[in-house]
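Coordinate-derived values only; no laboratory data. Worth saying up front: this structure is predicted, and the values here are computed from it rather than measured. Cβ placement follows ideal geometry from the backbone for every residue including glycine, while neighbour counts extend to all protein chains displayed.
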Amino acid sequence: MTLLIRVSKQLQRQSFKNPLLYRLLSESSALRKGPESKEECTWLYGSSQEILSLVRGHVEVRQNFISEEEENALFKEVETALRKKRYEFDHWDDAIHGYRETERLQWGVTCESVLRRVRAVAFPEGSPLLGPIHVLDLDKEGYIKPHIDSVKFCGSTIAGLSLLSESVMRLVPENKSTDWVDLLLSRRSLYILRDEARFKFTHEILKEEESFFSGQKVPRHRRISVICRNLPV
Ligand code: OGA
Ligand code: MN
C-alpha cells in the first residue's frame, strides 16, 4: 500500500519557529453551515488566513465520529492481522516510519455499519470506491512523512478514522512550503481530505517530538488509522 503514496520532493522540513499563527474564528461565515460548525475551529490551525481559506471546504474533521464500542470493534477486527507483522523502521526512504499495515475487504456487522457511515458522509454519491480498506498501525515512535497519495490509484477523496491516539496531520502546499495547515485528529475522529487539499497539499502525521497543535503538546501513542479512498475517475 505504501506504493500508493509518493514522498514529496520537499522533505526538507522548514523551521516553524515563531510563525504568524492564525486560528480560524468560529464566527467565520464559511464555517457557520452544518451542525458541527461551533466545533470546527478547534481542529484547524494554520500559518495564515490565506492558507486557511485555500483549504476551507476541502478539509474536515468530525470529532467523536465513532463511539468507544465502535472503536473497540474496529480494533479487535484489525488487531489479529496486524499482530502477525512487525513494525517497519529501517527503510529510510519509506514515506512512513515505524508502521505496519493491512487491508481488509470483509468486515463484521458493527464495523461495516461504521464504514457505511464514513462512505455516506465522505464520498460523492455514486463515486466508485477502492474495495479494500487500508489499515495503518503507527507505533508511538512512528510518523508519516509529507506525501501526496498516488493520483493513479486514488481519487479525489481520502477519509480516515483515528483509533487509539490523537495526532496532528499537517498539510503543506506543494508550491509554497513555508505555509502550513494543521489538523488536530482526535481519537475516534474522522478526517476527510478532498480535491485541493488532497491534490495540491502534501499531508503528514507529525512525530512525537513535533506533535504540537496550536502550541499545545499532542501526545502520540500507538495510532491505528482506517482509511477509505475512492478511485480516480
Ligand atoms: C497514507 C496516509 C494517514 C493516516 O497512508 O497515505 O496518509 O491517517 N495515512 O494514517
Ligand atoms: Mn496519504
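Just so you know, the Cα atoms of the stretch 99-233 work out to an Rg and Dmax of 14.7, 45 Å.
Looking at the P(r) of the stretch 155-233, how many percent of alpha-carbon pairs lie beyond 14 Å? Summing the P(r) tail past 14 Å for the stretch 155-233 gives 62 percent.
Residue-normalised convex hull volume from the C-alpha trace of the stretch 106-179: 144 Å³ per residue. The average projected area of the stretch 72-130, computed from the convex hull of its Cα atoms over all directions, is 5.6 nm². Start at zero, step by 5 Å, and the Cα-Cα distances of the stretch 40-83 spread as 5, 17, 17, 13, 10, 12, 13, 10, 3 percent across the bins. Across the stretch 37-157, counting alpha-carbon atoms alone, Rg and Dmax equal 16.7, 45 Å.
Annotation: aspartates and glutamates with alpha-carbon distance below 19 angstrom to Lys85 (same-chain offsets under eight excluded): Glu77, Asp94, Glu101, Glu103, Asp137, Asp139, Glu141. Extending 7 Å from the Cα toward the beta-carbon at both Gln63 and Glu209 defines two label points whose distance is 3.0 nm. Taking trypsin sites (Lys or Arg not before Pro) across the stretch 45-104, the ones in a DSSP loop with at most 15 further Cβ atoms lying within 10 angstrom of their Cβ are Lys84, Lys85, Arg86. Legend: distances between Cα atoms for Lys152/Lys176; Lys84/Lys140; Lys145/Lys200; Lys76/Lys217; pairs beyond 25 Å are Lys76/Lys217. Using C-alpha pairs below 8 Å separated by at least 6 residues, the relative contact order for the stretch 129-222 is 40 percent.
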